[in-house]
Amino acid sequence: MLKILYLDDYLASVDKPAGLLVHRTGLDAGETRFALQMLRDQLGRPVWPVHRLDKGTSGVLLFALHAEVAALLGQRFESGNGLRKTYHAMVRGWPAAHGLIDHPLKRMDDDARPERTTLQDARTSFQALVRHTLPVAHGPYATTRVARLALQPLSGRRHQLRRHLKHIAHPIVGDATHGKGPLNRALAAHLGLQRLWLHAVALELDHPVHGTPLRIEAPPGAEWDLWNPYRVD
């Protein structure tokens, strides 16, 4: 059963666990559990996803309870206007204390639209929260530096956070596509847990029907405490 964070006559939000797909996809045909179907069965009514979280990403996931509301919110998520999303991520290395990643992105290769090669504006702001040093060898170094960041995507491009952090050479730990496999495996073995260390902490938006400001939160799970013994500031 999914943990419901918010529910009214128009919207439902859940705390999606890592490893759960939002909906059925041919890219992961072996999966049999999906957040959309689980929430539909839990509420006993149809639901429509208004945005996506990657399978490995946990945290705040929003659904509409009417198709018209889903269409309205889908436009907001595509543009990034009228809402604020906050994520936490564990990344390789120690980035600057704060910054803005302004780096255009192409549509993903599996996007069938003819304009998929067109660059789209994409911006992400970040703030370093905590730095860690783990006794895990990495290349010529005897230890590995890792930082916990707060991230705010200022646009709604697919895999934006993962691609932007790779662009600044601080990929998200556990990212099999944009990170370093040997380091990901070494850190997973040390921590005793393998996952993509990306969590949607909060979503802020005006309600699409009556305009009331909403803030929906999902604190990171207890597994994030695994990093605490290696904190250096």
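Here is how the numbers come out for the structure above:
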| item | result |
| --- | --- |
| Given (1) at pLDDT 95 or above; (2) crowded, with 17+ Cβ neighbours inside 10 Å; (3) within 29 Å of Arg185 (Cα to Cα), index of the condition Val69 fails | (3) |
| Top-ranked residue in the range 167-182 [being surrounded by 19 or more Cβ atoms within 10 Å (Cβ to Cβ) and of a type outside the set (Val, Ile, Thr); ranked as farthest from Asp102 (Cα to Cα)] | Gly174 |
| Test set (1) in a loop (DSSP other than H, G, I, E, B); (2) touching a strand residue (DSSP E or B) at 6+ places or on another chain (Cβ under 6 Å) - Gln194 fails condition number | (2) |
| Restricting the range 23-57 to residues that are over 15 Å from His199 (Cβ atoms), aliphatic (A, V, I, L, M) and part of a loop (DSSP other than H, G, I, E, B), the residue that is modelled with the highest pLDDT | Val47 |
| Lone qualifier among Leu151, Leu161, Leu129, Leu119 - being under 20 Å from Asn81 (Cα atoms) and surrounded by fewer than 15 Cβ atoms within 10 Å (Cβ to Cβ) | Leu119 |
| Where a residue in the range 136-159 is closer than 30 Å to Thr118 by Cα and its partner, wherever it lies, is surrounded by 18 or more Cβ atoms within 10 Å (Cβ to Cβ) and basic (Lys, Arg), with Cβ under 6 Å and at least six apart | Pro153/Lys85 |
| Residues of the range 51-98 classified as hydroxyl-bearing (Ser, Thr, Tyr) and in contact with a Ser or Thr (Cβ under 9 Å, 6 or more places away or on another chain), total | 2 |
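The values are calculated or read from the model by the stated rules, or taken from the named source; none is laboratory data. Bear in mind the structure is a predicted one, so any value in this text is a computation, not a measurement. Glycine also receives a Cβ, built like all others from the backbone with ideal geometry; neighbour counts cover every protein chain displayed.
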